[in-house]
1. Tally time: how many residues in region C:209-247 are hydroxyl-bearing (Ser, Thr, Tyr) and surrounded by 24 or more Cβ atoms within 10 Å (Cβ to Cβ)?
2. Suppose the filter is under 30 Å from B:THR325 (Cα atoms) and at pLDDT 90 or above; does C:ILE283 pass it?
3. Taking the options B:GLU243, B:GLU253, B:GLU266, name whichever one is touching a Gly at 6+ places or on another chain (Cβ under 9 Å), among the charged types (D, E, K, R) and in contact (Cβ under 8 Å) with a residue 12 or more places away in the chain.
4. Would you be able to tell me the number of residues in region A:79-109 that are more than 14 Å from chain C (Cβ to nearest Cβ) and at pLDDT 80 or above?
5. May I ask you to verify whether A:PRO71 is at the interface with chain C (Cβ under 9 Å from one of its Cβ atoms), in contact with a Gly (Cβ under 9 Å, 6 or more places away or on another chain) and over 26 Å from C:GLU193 (Cα atoms)?
6. Here's a check for you: in region B:278-296, which residue that is in contact with a Lys or Arg (Cβ under 8 Å, 6 or more places away or on another chain) and of a type in the set (A, V, I, L, M) is modelled with the lowest pLDDT?
7. Just to be sure before I move on: is A:TYR25 aromatic (Phe, Trp, Tyr) and within 13 Å of chain C (Cβ to nearest Cβ) in the structure I sent?
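The values are calculated or read from the model by the stated rules, or taken from the named source; none is laboratory data. Because the structure is a prediction, the values reported are computed rather than measured. In this analysis, Cβ positions are derived from the backbone assuming ideal geometry, glycine residues included, and neighbour counts consider all displayed protein chains.
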Amino acid sequence: MGTYFREIYKVSKSIVTGMGITWRYFVNAKKRIVTIQYPHEKAKIPSRHRGTHFLETEKCILCYQCSNACPVDCIYIEGSRDGTVSGSHQGKGASLTRFSIDYGLCIYCNLCCEPCPTECIHMGQQFNLVSTRRDEMMNNLLTDKVYNEADHKFVVGKRAEIDHLAEEKKRIKAEKAKAAAAAKKAAAAKKAAEEAAAGDKPEAKEAGAAKPAAKAEKPAAPAKPAAEAKPAAKPKTDSAPKAEGAAKPAPAKPKADPAPKPDVKAEEGAKPAAPKAPPAKPAPEEKKEADKPVTESKESAKPGDDKKKEDDKGSSSGPSEEEKKS
Amino acid sequence: MPETTTGALIYQILELLPFLKELPEFLHIPMLMFVTGLIPVTVISLVGLVGVYMERKVSAFMQIRLGPMEYGPWGTLQTLADGIKLMGKEDIIPREADKPLFILAPIAAFVGVFLLFIAIPFDRDIIVVDLNVGIFYLAAVASIEVVGIIMAGWASNNKWSLLGAMREAAQVVAYEIPVGICLVTVVIVSGSFSMVDIVEEQKGLFLNWFIFRNPVMWVVFIAFIIASLAELKRAPFDLPEAESELVSGFHTEYSGMRFSIFFIAEYGAMFVASALIAILFLGGYYTGIPFLDNIDGILGILIRVGALFGKAFAFLFLQMWIRWTLPRIRLDQMFYLCYKVLVPFGFVAMIITAFWQMVLPGDGFMSLGWAPGLGK
Amino acid sequence: MSPSRDVKGSKTKMADTANMNTNVHEPPDVRTEELLLNMGPQHPSTHGVLKVVAKTDGELVLECEPVVGYLHRCFEKCAESGSYVQAVPYTDRLDYLMAMGNNLGYCLAVEALMKVEIPEYADYIRVLVTELNRIGSHLIAVGTFGLDTGAITPFFYAFRDREMVLDILEEICGQRLNYNYIRPGGVAYDLPEGILDKISTFIDHMEKSLEEINNLLTYNGIFIHRTANVGVMTPEVAIKYGVTGPNLRSTGVKRDLRKLRPYSIYDRFEFNICTGTGEYGTIGDCWNRHIVRTQEIIESIKILRQVLNAMPTEGEHLAKATARKFRPPKGAAYTAVENSKGELGFYIASDGTDEPWRVKCRAPSFHNVSVLPALANGTMLADLVIILGSLDIVLGEIDR
């Protein structure tokens, strides 16, 4: 009989305790709610997020390392390195006619990005891949817009920042070795534009060990006024030439032959200075894309001065999220 | 026209709607039935709308969520939108289902709830029929919903549904007993079966409410709340639809409007049970403050109806609060709670109350001497 | 459909739920039929695509049998047809709630083949992320077990906390579920800056939150009555079926590979092996399985605290030998790790090429679910769900 009543008492007490907890949640709901109204507000995505891919076409050397590394074989690359195919998408010494990823297969494992010798393929911020048909899941990174605008901005901005950091490093080095100072400085303004355009050495991942070898190849050394020139130059190199000579359907590789491009760029970019990137002629479709990165990279180039910035960015996204949660 | 009796809303409506009198004589009663029937249906639907919204928000806030936010300010129109969506959905009847029963089941469940509303007094005069056996009527009619649910479980031709229906049958049959004991206790105190009389008996200061009438009345009160949760198949007694065990129990196969009729019936029944708790123990439509209760006219009616709705929604909230806190109990534990806890406790409380009424007839604590006859 | 069943008859037997004889005595004049219930593969509480075929008599489960294989995706064959590193993302998808532990188990096996030295810094990161992931996994177990008993709200609290784990892990490796972070030779990337502060904030929060979940769920009277003395597993039965992890420990057997055969750097940390307390019910029942998990969260927090204190501030995160494509020498290795579900073992045989010759995975959930009939036969239908939930199975691992 004693246990009977004790049991009733214990159960009732625990029920009251539990209801006290839910009551506290109910009355403090405003403070404690952790969900957000998704389409209207979006959670902050950390910089390492592995979303859909982003390809820096102009740096691709068509080495197939990414497609070999893919555990599910979802990357399809076509093109040539001997110049027999002239596609409109120029990599570094290679023309690409296709760089497709089947997102119906992709498992977002990041294994494709790690072996890339030129670090030209990255995983972006875009995660929302909804489609009603299976073949829509196949995206050609050369032509399709798999990433949204924000994603594009993020990647481009990030790249500008990283580029800038790399440039800074090099500049300091270059300054130390005063040797070729005079000659280089003369060319600096021109070169910087071209160089940043080429999107030298972005290590999108902090993780990816810096590759000094690959870096050295690039004509990066003289990058003096990188800061000003960068914004203008940032947009894809293929779009720049296109804007320039609208008539040319297949523009020559900017990276491979540095001569023609820097000149054009210098005329346009050096004189009127950085802020004017969109001035070029009305361009084909790619023109639009070119505009956005320009404005964006300007913004991001500013905070980019600080060397630590890159790392800070990663961590700064965290606290706000944490606050929201707690 | 039969002679009118006091408090019967049905005849007042006739006065309010003179055009009814112009109709042929033989249409009077059907038209009256139709008009009076509309009132409970409207109330049930409105209560269903508000109740579903409330349930969603209460559960969301307890679960650190926002709940519906899209339609209307703070998602207030979400339930309406869902109702419209449900109406537009395809009406699916499983091929192997018992078709007539399948169609009839939600109607039977709804009718059960509808009939409950007839005996609920929202005010002295706002009651469809003040039956002189109101409590018996409620106890009897409350079981009709079960018939609908058993029909649904059987007709679905689904093993989960059948199990759910069987659980429901067993549960309701079991909990009729504690509910009956609680009702009898109230009748002992009030001395009347009529719902209006029961409320009128509690008029006056809130100490006059039945829950304060004798020292064991709160036991009956809690027993009635628990038993009503079981009758309503609300958590922790939601065994008939236990979604982690029986998928959705008896309404697994229901969709669209038929499902929403079950849903509305459930919320209507929840409201009736909440209102019943208020009526039986907490002074019904009286606020417990004599000054407010004695106001006449439209304002008085509003206060009294508001008081009842306020109390009912407070208990509605309690039901939700319990649901979103507690785990579900098991079938055998449900019987244990019924037969070994609620029935003995209720029974003892009933006996004590009966003796109390014999020794100290009248107003309970009121008759202990310190405030005699304040309520009357 | 079998309409005529004797509900009343079975109820008399519900009184003693412990070890019900399946030969139920029926009144001679009532015709009864057994009802064959296919629970799953689409059922709210089979935790995925498990199917349980239960022969029931009213509410009683006379016999039940788990049917697995609906999620089979040839993990072992896939792992054998790619390079060693390419198999890591596949291991994520075994026990997808504890992908870090899977990565770790696989990588330890590869490293054993390679006989490669892991940088100390990488070892600390491994323990850090694995224990974080263990907290996340146990939170799911605790939350969904509450859901199985019908308590919905604790589930949300558990998920809120798990979400914090996922946020931290996402910041470290870019994904929330399939991390592909631990690699042969270390971890894929260095920790981002400031993450250690976030982890210490989280574990402080977690301790408080767990107490709340315990008050709301674990020590709730109804919950105790639902779970205590239900599905009692004796140590003998557990060992016979190969049950490991919290399920085995709940029976009182002190077996935790982190202590028994310390791998990685687990020998450097102080923590207890949690066993069933028997505070309520009997040791080895559903409630004790539940309490072991909640206590293991606390032990993981302890380990995390020590890691945060002892961790070097920086260092190599990936051994040079495995940074690129590699070929382990001929041979075979078996390593087992203590995953949140139990002993997760990987056997890898190498023929000297850059692809494994054979990969075999010993998945704990597979063994854990096999004990279900031994525990659930003779209980009630509601208990079957509880027992299944208390075993904390993950179908990705069972079916592989």
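1. The total comes to 3.
2. For C:ILE283, the condition - under 30 Å from B:THR325 (Cα atoms) and at pLDDT 90 or above - is not met.
3. Just one listed residue meets the conditions, B:GLU266.
4. Counting residues in region A:79-109 that are more than 14 Å from chain C (Cβ to nearest Cβ) and at pLDDT 80 or above gives 6.
5. Judged against the criteria, A:PRO71 is a match.
6. Only one residue fits best here, namely B:LEU282.
7. For A:TYR25, the condition - aromatic (Phe, Trp, Tyr) and within 13 Å of chain C (Cβ to nearest Cβ) - is met.
Yes/no per residue for (1) of a type outside the set (Asp, Glu); (2) over 21 Å from the mean Cα position of the chain (by Cα); (3) away from every other protein chain (no Cβ under 13 Å):
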| site | (1), (2), (3) |
| --- | --- |
| C:PRO66 | yes, no, yes |
| C:VAL110 | yes, yes, yes |
| C:THR130 | yes, no, yes |
| C:PRO154 | yes, no, no |
